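J.: Quick one: the structure is below, questions incoming.
The values are calculated or read from the model by the stated rules, or taken from the named source; none is laboratory data. Remember, it's a predicted structure, so these values are computed and weren't measured experimentally. Ideal geometry is used to build each Cβ from the backbone, glycine not excepted, and the neighbour counts take in all protein chains shown. Just the protein is used for accessible areas: all its heavy atoms, side chains included, with ligands, DNA and RNA removed. Shrake-Rupley method; radii C 1.70, N 1.55, O 1.52, S 1.80 Å.
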Amino acid sequence: MTRAYLEFAKKSFQNNIVYRSEYVAGVINAIVMIFVNIAIWKAIYEEEGSLEGVQFKILATYIVLSFLLQTLYVMDEYFIEVKVRNGLVSSDLLKPIGFRLYVFSYTVGTLAFRFLLQMLPALILSIFLFHLLFPFSTVMFLYFLVSAILGYLVLYNLNFLIWVSSFWFYWTFSLVTIKDAAVMLLSGALIPFWFMPEGMIDTLQLLPFASIYSTPIQIYLGMVPEDEILTGLIRQAVWVLVLYAVGHVLWKGASRKLVVQGG
């Protein structure tokens, strides 16, 4: 059975690699977005005259990591919706596989493609173009990797809540747009938390969004005290479990309700 899910992931990887132009465009897009955002922040602080060299390198590294993770975390937002609208979901449910694991396997295949053929080239270019700072230690880098994986799982399970809503909504574009905006604004993806009011930071840390980008990046930069890293990882894991549980409830309701729209 495990082999079947590996095949789904492999197929997803192969489907992505067919479109070589998208691979090149993804790398170029990541580099351009990093360059533009670094230029914007640099212009702001040159105007204010309040950012020293070391501080700017930390900020630049934050921006680079944020956009590299965004490149890596891209998922097919309409994978389930398309299946619901064309009726293919009914045949998927008849197969001797778990539908949720099938969707996750497909997403992991896309993740592997983006990691190998988009994020790694963009990372190598970023090291030379933007002087990316390296983590303080190997242990800190390992903490970052664990946190980044948990951040991906938080985002995946959050996305799944939107995806499964396609069983009730014919179009989920508006929901996806709202969710994407919330993630970008509340996760630290665009604006690091240290630029926000302290009271707001405390609130944002309690939400699942901070677990996606802010927590792993701050761990990488050494901005989380070592005795608090475990707390941050546990918070991420709790959000993975909570969102998974909510998704499980919604999926059970959707599978009972199943109404094939179209096809």
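J.: What's the number of the only condition in (1) closer than 30 Å to Phe56 by Cβ; (2) open to solvent by 50 Å² or more (accessible area, probe 1.4 Å); (3) free of Cβ contacts under 8 Å to residues at least 60 places away in the same chain; (4) assigned to a helix (DSSP H, G or I) that Leu175 fails to meet?
T.: (1)
J.: Another question, then. Which ones in the stretch 78-102 are aliphatic (A, V, I, L, M) and either in a helix (DSSP H, G or I) or in contact with an Asp or Glu (Cβ under 9 Å, 6 or more places away or on another chain) (or both)?
T.: Residues of the stretch 78-102 that are aliphatic (A, V, I, L, M), as a first pass: 80, 82, 84, 88-89, 93-94, 97, 101.
Passing the criteria: Ile80, Val82, Val84, Leu88, Val89, Leu93, Leu94, Leu101.
J.: Still on this structure: Is it true that Leu111 is touching a Gly at 6+ places or on another chain (Cβ under 9 Å), among the aliphatic types (A, V, I, L, M), open to solvent by 30 Å² or more (accessible area, probe 1.4 Å) and within 30 Å of Ala39 (Cα to Cα)?
T.: Numbers: touching a Gly at 6+ places or on another chain (Cβ under 9 Å): no; among the aliphatic types (A, V, I, L, M): yes; open to solvent by 30 Å² or more (accessible area, probe 1.4 Å): yes; within 30 Å of Ala39 (Cα to Cα): yes.
Here the answer is no, as Leu111 does not meet what is asked.
J.: Considering each of Leu117, Leu123, Leu94 in turn, give the residue that is under 24 Å from the mean Cα position of the chain (by Cα) and modelled with pLDDT under 90.
T.: Numbers: Leu123 fails: modelled with pLDDT under 90; Leu94 fails: under 24 Å from the mean Cα position of the chain (by Cα).
None of the others qualify; the one that does is Leu117.
J.: Of the residues Met33, Met75, only one is outside any helix (DSSP H, G or I) and aliphatic (A, V, I, L, M); which? Before you say what the answer is, go through the steps one by one.
T.: Values: Met33 fails: outside any helix (DSSP H, G or I).
Within the list Met33, Met75, the selection yields Met75.
J.: Ok, one more. Of all residues in the stretch 179-232 being aromatic (Phe, Trp, Tyr) and either over 19 Å from Ala148 (Cβ atoms) or touching a His at 6+ places or on another chain (Cβ under 7 Å) (or both), which is surrounded by the most Cβ atoms within 10 Å (Cβ to Cβ)? Full working, then the answer.
T.: So in the stretch 179-232, the residues aromatic (Phe, Trp, Tyr) come out as 193-195, 209, 213, 220.
With the extra rule that they be either over 19 Å from Ala148 (Cβ atoms) or touching a His at 6+ places or on another chain (Cβ under 7 Å) (or both), the set shrinks to 194-195.
Working: Trp194: 14, Phe195: 10.
Taking the candidates together, the pick is Trp194.
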